[in-house]
1. Helices (runs of 4 or more DSSP H) wholly in the stretch 286-346 with at least 1 residues that are at pLDDT 95 or above - which ones?
2. Look at Arg272 and say whether it is free of Cβ contacts under 8 Å to residues at least 12 places away in the same chain, surrounded by fewer than 19 Cβ atoms within 10 Å (Cβ to Cβ) and basic (Lys, Arg).
3. Among the numbered conditions (1) surrounded by 21 or more Cβ atoms within 10 Å (Cβ to Cβ); (2) more than 21 Å from Leu137 (Cα to Cα); (3) modelled with pLDDT of 90 or more; (4) not polar (S, T, N, Q), tell me where Asp44 comes up short.
4. Report, by residue number, each residue of the stretch 275-312 that is surrounded by 14 or more Cβ atoms within 10 Å (Cβ to Cβ) and among the polar types (S, T, N, Q).
5. I'm trying to understand the selection: among the residues of the stretch 6-56, which are in contact (Cβ under 8 Å) with a residue 40 or more places away in the chain and not in a helix (DSSP H, G or I)?
6. Against the definition (modelled with pLDDT of 80 or more, among the aliphatic types (A, V, I, L, M) and part of a helix (DSSP H, G or I)), how does Ala164 come out, yes or no?
7. For residues that are at pLDDT below 90, outside any loop (DSSP other than H, G, I, E, B) and of a type outside the set (Val, Ile, Thr), scanning just the stretch 202-248, find the one that is surrounded by the fewest Cβ atoms within 10 Å (Cβ to Cβ).
8. When only residues in the stretch 263-277 that are of a type outside the set (D, E, K, R) and part of a helix (DSSP H, G or I) count, which is farthest from Arg212 (Cα to Cα)?
Amino acid sequence: MDKKRVLYFDYLRVIACFLVIIIHTVANYEERLVRSSFTYYAGDLMKTIGFSGVAIFFAISGAIFLSPEISGEGVNIKKLWTRNILRLVLSYVIWSWFYTATVWWGKFPMNPETVSLFFREFLYGTPMYHLWFIPALVSIYIIVPVLKPGFKEQSVAKYFAVAAFVVQILLHDIYKYDYFWEAGFDAVYHRFPLIMLTSNLVYFVLGLYLYRQDYSGKQRIVIYSFAALLLIITKAVDYSRDVIGRATELNSLTVYFTTFALFVLFKYMPIRETKFRKFIAGLSKLTFGIYLLHPKVLDTIGIPAAMKLPIPYIVRLPMTAVITFAVCAAIIFVLSKIPVINKYLI
């Protein structure tokens, strides 16, 4: 499936990758932060925005795979399976083995019993927390040949985007927050639950819709303002109730509109042929590998390095993410020069 390169997707990939690292950085620092402190709430805000990074990855994939303008009219099922799905499955298996091995390495003596336990853990244990993204993406790729013809017309993509938003995002979020209607809405939602699809597929199709859709300058200002206002309101309400993390889900209104705004923002960002743009394009190619590697680097290099810096936690949080991102990028860049590894592993 030969694809036309969309320049602003490179910027979106890099931002999305960094935002994902922000999520896991904040999660690792939460126990060190004083509850109800400014830094505690700031970290939760970073984490909420960070979830947009996961959604953006789904959105970019949807725009590429579903748009005839980017990937052509039809779907070559053989190439889809051999180039995309097989690569993801192999990466999942190898990286699952890697993380299982790093946990077990040096903790147990090497003998038949421990080797057997290791493979049992590898086959049946819980994989590293971030690897859920790969089977989630594979499950969508499998049905791309069915989805792509259906969304050929933008009107169909718009209908789906609106319907999926109402069912999967809006109603779910109303039920989750239940500010003024807890008893009544709770009863209705449980009696007549509408579960149309996964939030992953919502963003996959949203990416196609946003790629095609044009917005005027005034419309973009409204989009950015609404997303910022919604983020402020939901966080203010949460903090007034001393509730943390309720908006940090893919099927929350806050994450949805933050994702929407970020996608539109970078879509209309002026991009010139400069050395910086070429640097971003090169960095964009490394983002999958950075995503796969970052938990290990975060634990072994990012946090230990940042903890040695004489800076407050409000600065240490993003600094840890920057260190982790930079180290991962350097390692993946080297690995990208190795044949086979650069094709199937990163």
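The values are calculated or read from the model by the stated rules, or taken from the named source; none is laboratory data. All values derive from a computational prediction rather than experimental measurement. In this analysis, Cβ positions are derived from the backbone assuming ideal geometry, glycine residues included, and neighbour counts consider all displayed protein chains.
1. Output list reads 287-297, 313-335.
2. yes
3. The single condition Asp44 does not satisfy is (3).
4. Passing the criteria: Ser284, Thr287.
5. Val6, Leu33, Ser36
6. yes
7. Ser240
8. Phe276
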